[in-house]
Structure formats: C-alpha cells, structure tokens
Amino acid sequence: MSTARKQEIRRITTHQLREMKSRGEKIAMLTAYDFSMARIIDGAGIDIILVGDSASNVMAGYETTLPITLDHMIYHASSVVRAAKRCLVIVDLPFGTYQGSSGEALRSAIRIMKESGAHAVKLEGGKEVKDSIDRILSAGIPVMGHLGLTPQSIYKFGTYTVRAKEENEANKLLEDAKMLEECGCFGMVLEKIPAVLAGRVTKSVNIPTIGIGAGADVDGQVLVMQDMLGISKEFKPRFLRQYADLNGVVTGAVSNYIQDVKAGSFPNEKEQY
Ligand code: KIV
C-alpha cells in the first residue's frame, strides 16, 4: 500500500480532536449502531461515530435508554467497529454498568474495549461519577463525559426539557465540565442546554465540547442518525435538522416493491436465471 493511501485512512485520534478545537475546526459526530450504516457514515468522512445507548430507542424500540444492556451495546459496537476505517468509535456505557462502583465501571469499560474493539467510552454525569471516570482512565481507556440532559436519569427529572436554565444548575454544570477536564476526559457531550451556557463551557475548557441542542458555540455537533435522516417521523425537536426523508424514500420503495410483486412484474426476464 502506498504512503498516500495509508495517510488517507489514518484514524482520527482523541489527540487530533483536541487539535481541531485549538484551530477552530468543528467536529462532526453521528450515532450508528450497525455495520451497513457505519460504513456509509465513515466513508462520508465523519470524525466520530457514537454507538449511543439511544440504540435502546431507535434500534430496539424502548421508550427510554434504561433497558439496553452491556451485551447489547457490545454487539452494536463491534458491528460498527468492523465498518469504521477512519473515524473514532465511542461507545456509551449503558445505565447500571458504571454507577454502582468504580470497579464495576472499569470492568464494564474493559469489556467494551476488549470485546468490541472500540476506541473510547462515554458516560453520563458529573462529580457523582468521578470515581468511575478516574478508575476507567487509570486503565488507559479514553473517556468522554456527557452533561446537561442525561437521558439515563429521565426518571429523576421526569421530562426531556432543556436543562441548566437556572443559575445553580448552570454553575454545577460549569464545575462538572471543569472536573471532567481535570480528570483527563478527552471531551464531553453537552445535551439540550442554553446556547449561551454551552458557549461559556466551551470557552472555559481546553477539551472539545460536542453539542446536541446546545447551539453553535461548541466545538462540534452530534445527532442521532435516525433522526437526521428522517427515519423516525415522530421525533422533531427544535434542535433537529432533518437532512433527508428516508421514511418517505423507504415507504415509497417498499410500496413499489409490493405493487410489482402483486402484479407479477417482479422479477422480469432479465432478473432471473
Ligand atoms: O445515546 C446517544 O445517542 C447520545 C447522544 C444523543 C449524544 O448520547
């Protein structure tokens, strides 16, 4: 293989993400959960694929992210890793696999890294999960934080509305963001918080912030792939930009297929042996 070709497929690293922040280059991240979609997204040049626990909603049809297990996440992550040649692959530690003790958190993170081949893990929360973050980092596993709306705590808050609108919550979020940086996290997701606060957090840390519903003054953006491709029709929050109508495209294709099969026009002579 030529040097040029080797360089072409050199994988994005956590170090490079930090450099992107310093030179003001925005980071593009999307979720993926399977081989086929991950191959398309990686080929299109995405910087990061997040194997999010949103798989619980969009792949398994659960109402929340709580039911998805570590085994499920490893299955999704290993499918994505087999497809991803260039991007960094980050995997969510699912609910209940890191909050109990730092030892359990480390065991869960090690399973993800060993069994899926992913490059980093993400977990939700601030100082409440500091011990778990420290322990995972001590094993050399890169960690991304996640602040603001943390869907694994949905039953604590009761709604998916914008977080940290009040001053005390905003101050806690700022402190947590600094703590994540001091611990050694390589980045953090900021979900559904006021744009002004996200901008303040982004300025106050040297690690990249990746926003979802957090405005433009962050270092990168993430969306759930099914949402941005218009696969799920029902979910249309204000922050979502829909880049395609795959629901319409697939419905049209499937209807045409059904029609052709019923009419006996598929397969034709050229489509048989
Ligand atoms: O699980 C997920 O998809 C996420 C993103 C919304 C950031 O955590």
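Suppose we keep only residues that are assigned to a helix (DSSP H, G or I) and within 17 Å of His72 (Cβ to Cβ) within region 34-52. Which one would you say is least open to solvent (accessible area, probe 1.4 Å)? My answer is Ala38. As a summary of the residue check, Glu182 satisfies the conditions (1) of a type outside the set (A, V, I, L, M); (2) open to solvent by less than 80 Å² (accessible area, probe 1.4 Å); (3) modelled with pLDDT of 95 or more; (4) more than 15 Å from the ligand (Cβ to nearest atom) except for the one numbered (2). Beta carbons closer than 8 Å, at least 6 apart along the sequence or on distinct chains, pair a first residue in region 213-224 that is farther than 12 Å from Thr202 by Cα with a second that is away from the ligand (no atom under 12 Å from the Cβ) for Gly213/Val162; Gly213/Ile193; Gly213/Arg238; Gln221/Lys26; Gln221/Ile27; Gln221/Ala28; Leu223/Arg241. Looking across region 187-198 at every residue that is crowded, with 18+ Cβ neighbours inside 10 Å and in a helix (DSSP H, G or I), the one that is nearest to the ligand (Cβ to nearest atom) is identified as Ala198. Ile110 falls short on exactly one of the conditions (1) closer than 20 Å to Glu182 by Cα; (2) more than 16 Å from the ligand (Cβ to nearest atom); (3) among the β-branched types (Val, Ile, Thr), and that condition is (1). In region 213-223, of all residues being within 13 Å of the chain's Cα centre (by Cα) and open to solvent by less than 20 Å² (accessible area, probe 1.4 Å), the one that is farthest from the ligand (Cβ to nearest atom) corresponds to Gly220.
Taking the criterion of being open to solvent by less than 10 Å² (accessible area, probe 1.4 Å), assigned to a helix (DSSP H, G or I) and either modelled with pLDDT under 95 or within 15 Å of the ligand (Cβ to nearest atom) (or both), would at least one residue in region 91-105 satisfy it? No, region 91-105 contains no residue that is open to solvent by less than 10 Å² (accessible area, probe 1.4 Å), assigned to a helix (DSSP H, G or I) and either modelled with pLDDT under 95 or within 15 Å of the ligand (Cβ to nearest atom) (or both). Can you confirm whether region 140-159 contains a residue that is open to solvent by less than 40 Å² (accessible area, probe 1.4 Å), assigned to a helix (DSSP H, G or I) and either among the aromatic types (Phe, Trp, Tyr) or within 11 Å of the ligand (Cβ to nearest atom) (or both)? Checked against the condition, which is being open to solvent by less than 40 Å² (accessible area, probe 1.4 Å), assigned to a helix (DSSP H, G or I) and either among the aromatic types (Phe, Trp, Tyr) or within 11 Å of the ligand (Cβ to nearest atom) (or both), region 140-159 yields at least one hit.
Report whether or not Leu137 is within 19 Å of Ile212 (Cβ to Cβ) and among the aliphatic types (A, V, I, L, M). Show your work before the answer.
Numbers: within 19 Å of Ile212 (Cβ to Cβ): no; among the aliphatic types (A, V, I, L, M): yes.
Here the answer is no, as Leu137 does not meet what is asked.
Would you check if Thr209 is under 17 Å from the mean Cα position of the chain (by Cα), open to solvent by less than 40 Å² (accessible area, probe 1.4 Å) and hydroxyl-bearing (Ser, Thr, Tyr)? Talk me through it step by step, then tell me what you get.
Values: under 17 Å from the mean Cα position of the chain (by Cα): yes; open to solvent by less than 40 Å² (accessible area, probe 1.4 Å): yes; hydroxyl-bearing (Ser, Thr, Tyr): yes.
Here the answer is yes, as Thr209 does meet what is asked.
Here Gly230 meets each of (1) assigned to a helix (DSSP H, G or I); (2) crowded, with 18+ Cβ neighbours inside 10 Å with one exception, condition (1). When you scan region 166-179, do you find a residue that is within 14 Å of the ligand (Cβ to nearest atom) and farther than 18 Å from Pro208 by Cβ, even just one? No, region 166-179 has no match at all.
The values are calculated or read from the model by the stated rules, or taken from the named source; none is laboratory data. Just so you know, these numbers come straight off a predicted model, no measurement behind them. Glycine gets a Cβ as well: all are built from the backbone with ideal geometry, and neighbour counts include every protein chain shown. Ligands, DNA and RNA are excluded from the accessible area calculation, which covers all protein heavy atoms including side chains. Shrake-Rupley method; radii C 1.70, N 1.55, O 1.52, S 1.80 Å.
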